[in-house]
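The values are calculated or read from the model by the stated rules, or taken from the named source; none is laboratory data. Since this is a predicted model, take the numbers as computed values, not measurements. Please note: Cβ atoms are built from the backbone with ideal geometry, for glycine as well, and neighbour counts cover all protein chains shown. Heads up: the accessible areas ignore ligands, DNA and RNA and are worked out on the full protein's heavy atoms, side chains in. Shrake-Rupley method; radii C 1.70, N 1.55, O 1.52, S 1.80 Å.
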Amino acid sequence: MPAAPPAAPDTATDVVLVVDFGAQYAQLIARRVREARVYSEIVPSTMPVAEMLAKNPRAIILSGGPSSVYAEGAPSLDRALFEAGVPVFGMCYGFQLMATTLGGTVDDNGAREYGRTPLTVSKSGSTLFEGTPDEQSVWMSHGDACSAAPEGFTVTASTDVVPVAAFENDEKKLYGVQYHPEVMHSTHGQQVLEHFLYRGAGIEPTWTTGNVIEEQVAAIRAQVGDKRAICGLSGGVDSAVAAALVQKAIGSQLTCVYVDHGLMRKGETEQVEKDFVAATGAKLKVVDAEKRFLDALAGVSDPEQKRKIIGREFIRVFEQAQLEILQEDGPEVAFLVQGTLYPDVVESGGGTGTANIKSHHNVGGLPEDIEFELVEPLRQLFKDEVRMVGQELGLPDEIVQRQPFPGPGLGIRIVGEVTKDRLDLLREADAIAREELTAAGLDRDIWQCPVVLLADVRSVGVQGDGRTYGHPIVLRPVSSEDAMTADWSRLPYETLAKISTRITNEVADVNRVVLDVTSKPPGTIEWE
Ligand SMILES: Nc1ncnc2c1ncn2[C@@H]1O[C@H](COP(=O)(O)OP(=O)(O)OP(=O)(O)O)[C@@H](O)[C@H]1O
Ligand SMILES: O=c1[nH]c(=O)c2[nH+]cn([C@@H]3O[C@H](COP(=O)(O)O)[C@@H](O)[C@H]3O)c2[nH]1
Ligand SMILES: NC(=O)CC[C@H](N)C(=O)O
Ligand SMILES: [Mg+2]
């Protein structure tokens, strides 16, 4: 069994808990708290209140959620949570739950609000709203509404349809808003959240990614001791930062292993050798495992099956590398370092009551018989935080600002069976797209741009006066903050035209290039 990763940074005295009621935005709330330089963690609403309080939280935030507070079986909270003297901030469902638990009224009175909504702040001098305008735009998404605040609470804001859109009991340090301050469209959302944290809860904004480095280096030393570790290094940001952290902690006890599984993009292997080793001086072992992966993937079209196979083969290669390293004198090689991030965990269903969307090879795709103990120093962090840690560790921009590339690589960007010929074709198309996007100076504007081969689709084209029956290539440029949600990037037509012309001219068997104009949700970023 993989051992549990080291606990979150030891900031027990300064943690803010985000209680997740099945919200779409619990992660976003946690991010926003951290943007306010306060450490936060998400916990499921099923966690007993005593357990939450045992974590010594400085404050607690209650997220939104799909249920109705008055429905049978709806998630609830022990009243003790509100009586422990810990400041609490409820948002949407959390707000409604605070209201009903403390004796207010919430019902479905037809007062629905979805999307951007004007809010009128009716109480100046409120802890949450001080310094924000009397009229502001907020993001609503609710069908139930609070019609009477609990005793002792002051109503601080309203909208055209709901009389109680925010309330507070400053003496008891309890606050709530019907809207979603964590969403960008709530114009003063971050300010309101910060008012809760700094003024309501009295927390100092001291959490930085610098703390993460110190804490993780100490935690890694304690975990690994004098044994040896290997780190799966992909050339991507996450594993580069994880490796640099572990390297800082245990130096030469670490060997990085780059797996060339034949599903990488053009030039990737060379780049890892050049950029990473030059920047960190880490020991690097490159394993050519193309045949092993392609054999295992032969005949497989189902995306989840591909992911499981790739996850398994990765571990088998790491085990092989472990045996080779053991040939050199030294202690046991017991640990596997991975650059797993918080969103990988959440999307693989490893979060708090969230659905399994897809099995990330490094989380849900791991085989059950893995014998390594995992070291995952970034498991609690979001991508932008990882980039900051990387910068602070002195990694070069070429690594820190790289766009993400999934571990299963082009294997999941071929819709259909993966073969060497198809991979070569996709590698060419991908290289052209990347070259042109870079030439147009767009790398920083887009989060990433998967290039996808629809291997099972063919269509008729005409090239050189003759009929072709080729495959389409899909371009999927997206903008995003953390890959949990994304929008399609509005790329200049000239750049798109250039990419399309070059791909159809230069890549055999491709006679069409199409652009994906779907946001996430409903689409995901990758096609598979
Ligand atoms: N080709 C590879 N060789 C070795 N390890 C890999 C490889 N691809 C992925 N991994 C491991 O799986 C982890 C997750 O992959 P993932 O793509 O999420 O992260 P990354 O490549 O480090 O960063 P990014 O998300 O920016 O691409 C990596 O951090 C790394 O430990
Ligand atoms: O290392 C990874 N292993 C995986 O199995 C995996 N699947 C998706 N991704 C990347 O995750 C982000 C979200 O992707 P989706 O919207 O397609 O779920 C995007 O950045 C994807 O590229 C992966 N990264
Ligand atoms: N977004 C939410 O938290 C919604 C809360 C509740 N389900 C409602 O519709 O009012
Ligand atoms: Mg990657």
TODO: Report the residues of the stretch 405-447 in range of a label on LYS291: point 7 Å along Cα→C-beta, backbone N strictly under 20 Å from it.
DONE: 418-424
TODO: Could you give the size of the charge dipole of the chain about its Cα centre, using +1 on the Cβ of each K and R and -1 on the Cβ of each D and E, expressed in debye and rounded to the nearest 20?
DONE: 540
TODO: Search the structure for amide H atoms under 5 Å from the amide H of ILE42, placed 1.01 Å from N in the peptide plane, and list their residues when 5 or more places away or on another chain.
DONE: VAL18
Open item on the list: For ARG79, project a label point 7 Å along Cα to C-beta. Then give me every residue of the stretch 95-134 with its amide nitrogen under 17 Å of that point.
Closed with: 97-106
Task: Protein-only accessible surface order, largest first, of ASP160, ASP288 at 1.4 Å - done: ASP160, ASP288
- [ ] With only Lys, Arg, Asp and Glu charged, each at its Cβ (+1 for the first two, -1 for the last two), find how big the charge dipole of the stretch 207-293 is about the Cα centre; round to the nearest 20 debye.
- [x] 240
Task: Average accessible surface area per residue within the chain, 1.4 Å rolling probe, Å² - done: 41
- [ ] Search the structure for amide H atoms under 5 Å from the amide H of GLY232, placed 1.01 Å from N in the peptide plane, and list their residues when 5 or more places away or on another chain.
- [x] VAL257, VAL337
TODO: List, largest first, the extents of the alpha carbons of the chain along their principal axes, each in whole Å.
DONE: 73, 65, 41
TODO: Highest first, please rank the peptides 74-84, 430-440 by the mean number of other Cβ atoms sitting within 10 Å of their residues.
DONE: 430-440, 74-84
Task: Angstrom value of the Kirkwood radius, inverse mean 1/r, which spans all Cα pairs in the stretch 432-528 - done: 14.1
Task: Cα-derived Rg to Rh of the stretch 46-85, Kirkwood definition - done: 0.98
TODO: Using a 1.4 angstrom probe on the protein heavy atoms only, line up LYS55, LYS285, LYS383 by accessible area, largest first.
DONE: LYS55, LYS285, LYS383
TODO: Could you tell me the accessible area of SER480 in Å² (1.4 Å probe, neighbours in place), rounded to the nearest ten?
DONE: 30
TODO: Between the alpha-carbon centers of the stretch 373-437 and the stretch 107-123, tell me the distance in whole angstrom.
DONE: 42
Open item on the list: What are the ³J(HN,Hα) couplings of the stretch 222-230, residue after residue, when phi is run through the Karplus curve with 6.51, -1.76, 1.60 and θ = phi - 60°? Round to Hz, x for glycine and proline.
Closed with: 5, 6, 7, x, 9, 7, 10, 9, 10
TODO: Quote to one decimal, in nm, the extra length available between ASN109 and GLU324 on full extension: 0.36 nm per residue of separation minus the C-alpha distance between them.
DONE: 70.6 nm
Open item on the list: As a test of the formula, what do you get for the chain when each DSSP H run with n ≥ 4 contributes -39,500 (n - 2.57) and the sum is divided by the residue count, at 222 nm and rounded to the nearest 500 deg cm²/dmol?
Closed with: -8500 deg cm²/dmol
Task: Estimated distance in nm for a label pair at THR120 and ASP421, the labels positioned 7 Å out from Cα along Cα-to-Cβ - done: 7.0
Open item on the list: What distance in nm separates the two pseudo spin-label positions at THR501 and ASP456, each 7 Å out from Cα along the beta-carbon direction?
Closed with: 3.5
TODO: Distance between Cα centroids, the stretch 155-186 to the stretch 278-347: provide it in whole Å.
DONE: 48
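Using r as the Cβ-Cβ distance of THR269 and SER147, and R0 as 60 Å, what FRET efficiency do you calculate, to the nearest 0.05?
Values: r = 63 Å, r/R0 = 1.05.
So the FRET efficiency works out to roughly 0.45.
Figure the gain on full extension for GLU371 and VAL161 (residue separation times 0.36 nm, minus the Cα-Cα span) and round it to one decimal in nm. All intermediate terms of the calculation are to be shown ahead of the outcome.
Details: separation 210, 0.36 × 210 = 75.60 nm, distance 5.78 nm.
The GLU371-VAL161 span can extend by a further 69.8 nm.
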TODO: Starting at the first residue of the stretch 178-184, write each ³J(HN,Hα) from the Karplus equation 6.51 cos²θ - 1.76 cosθ + 1.60 with θ = phi - 60°, in whole Hz, x for Gly and Pro.
DONE: 6, 8, 10, x, 6, 8, 3
Open item on the list: Give me a comma-separated list of calculated 3J(HN,Hα) values for the stretch 128-144, in order, Karplus coefficients 6.51, -1.76, 1.60 applied at θ = phi - 60°, integers in Hz, x for any Gly or Pro.
Closed with: 6, 9, 3, x, 9, x, 5, 10, 9, 9, 10, 9, 10, 7, 8, x, 9
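Starting with the highest mean, order 448-461, 391-404, 230-243 by the number of other Cβ atoms within 10 Å, averaged over the residues of each peptide. Don't skip to the end; give the middle numbers.
Values: 448-461: 18.1, 391-404: 16.6, 230-243: 25.7.
In descending order of packing, they fall as 230-243, 448-461, 391-404.
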Task: Spin-label proximity, LEU515 to the stretch 403-427 - amide N less than 11 Å from point 7 Å beyond Cα toward beta carbon - done: none
TODO: Using amide H atoms built 1.01 Å from N in the peptide plane, name the residues 5+ places from LEU374, or on other chains, whose amide H lies under 5 Å from its own.
DONE: ALA3, LEU336
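If I compute solvent accessible area with a 1.4 Å probe over the protein chains, what percent of it on the chain is carbon and sulfur? Write down the numbers at each step before the final one.
Values: 10540 of 21670 Å².
That share works out to 49 percent.
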